[in-house]
């Protein structure tokens, strides 16, 4: 294949268990003009043998001489990709047959969008559907949410290769959560969109290693700290990071009143700074609507998890003068 329109980029390191399902789901796509580029990061299990079993000319495998990690492998794949568009795919997920067709058509219709993701089902290790993550997020919503948490599933995203190269590709300084770091930088340079249609089954692996869980948390918190520093909202402690990254954890009741007040204060201070610093190509009106809805959701979570009196105390403490970003 000389000039595929899309490169489906998959990095692999010891993924023998679900690798064939992931590859087969790509080869079953209704959209024909693609290549599947697999970067094998020096796997030591049966992954190389599984990859070698595919004689399909649409499958291209490159193998690292040594294990270099997912970010560097992703950048190697990005450099070798022949397509104008890059569709990411994890080696344990499953793409629906129309995924590439739907996303390619969307990107062709919307030249102003640089990256598109989609909703996804959640499956367990046996492939049974155990949940779903739905939501249509316009560019302003994606931009706003990325200031606090990830809102895109890596196996659902398609982006313009030229755009990814313009922001330096993936950050090779991180080992885990490279997708969140990538989206966060991408949202400062272009428009990201998430469609509501379910196009991928994302596999939940509860037996995640402690190292990986810790590494993902460290990367996410590092991105958040850097962002809050840029927004000039002052020092942000770990409790505030945890609450802002997922305010559903307020239901666990393990945070003090002071910690909740600090998180809410940081949210409101961030809102003002986000509005002021958002790139000019975003709609301020749409951004205002998004941040209002998110702030009300945060307040509702405080109310339902902690009760009326603590909720009023928090609002009085914060709105009494603690919500302004530091100079």
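The values are calculated or read from the model by the stated rules, or taken from the named source; none is laboratory data. The structure displayed is predicted, hence computed values, not measured ones. A quick note on method: Cβ atoms are made from the backbone with ideal geometry, for glycine too, and the neighbour counts reach across all protein chains shown.
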For the range 187-209, indicate whether the set of residues that are without any contact (Cβ under 8 Å) to a residue 60 or more places away in the chain, closer than 20 Å to residue 70 by Cα and either under 14 Å from the mean Cα position of the chain (by Cα) or assigned to a helix (DSSP H, G or I) (or both) is non-empty. no
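Within the range 1-107, which strands (runs of 3 or more DSSP E) (wholly inside it) include 2 or more residues that are more than 17 Å from residue 118 (Cα to Cα) and touching a helix residue (DSSP H, G or I) at 6+ places or on another chain (Cβ under 9 Å)? Please lay out each step first, then the result.
Working: elements: 6-12, 34-40, 59-63, 85-88.
Because the criterion is at least 2 residues that are more than 17 Å from residue 118 (Cα to Cα) and touching a helix residue (DSSP H, G or I) at 6+ places or on another chain (Cβ under 9 Å), the strands (runs of 3 or more DSSP E) in the range 1-107 that meet it are 6-12, 34-40, 59-63.
Rundown of residues vs (1) modelled with pLDDT of 90 or more; (2) surrounded by 14 or more Cβ atoms within 10 Å (Cβ to Cβ), yes/no style:
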position	(1), (2)
159	yes, yes
165	yes, yes
168	yes, no
215	no, yes
260	no, yes
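Tell me which residues, restricted to the range 108-139, are in a loop (DSSP other than H, G, I, E, B) and over 30 Å from residue 280 (Cα atoms).
At the first step, the residues of the range 108-139 found to be in a loop (DSSP other than H, G, I, E, B) are 110-112, 124-128, 134-136, 138.
Of everything in the range 108-139, those that are in a loop (DSSP other than H, G, I, E, B) and over 30 Å from residue 280 (Cα atoms) turn out to be 124, 125, 126, 127, 128.
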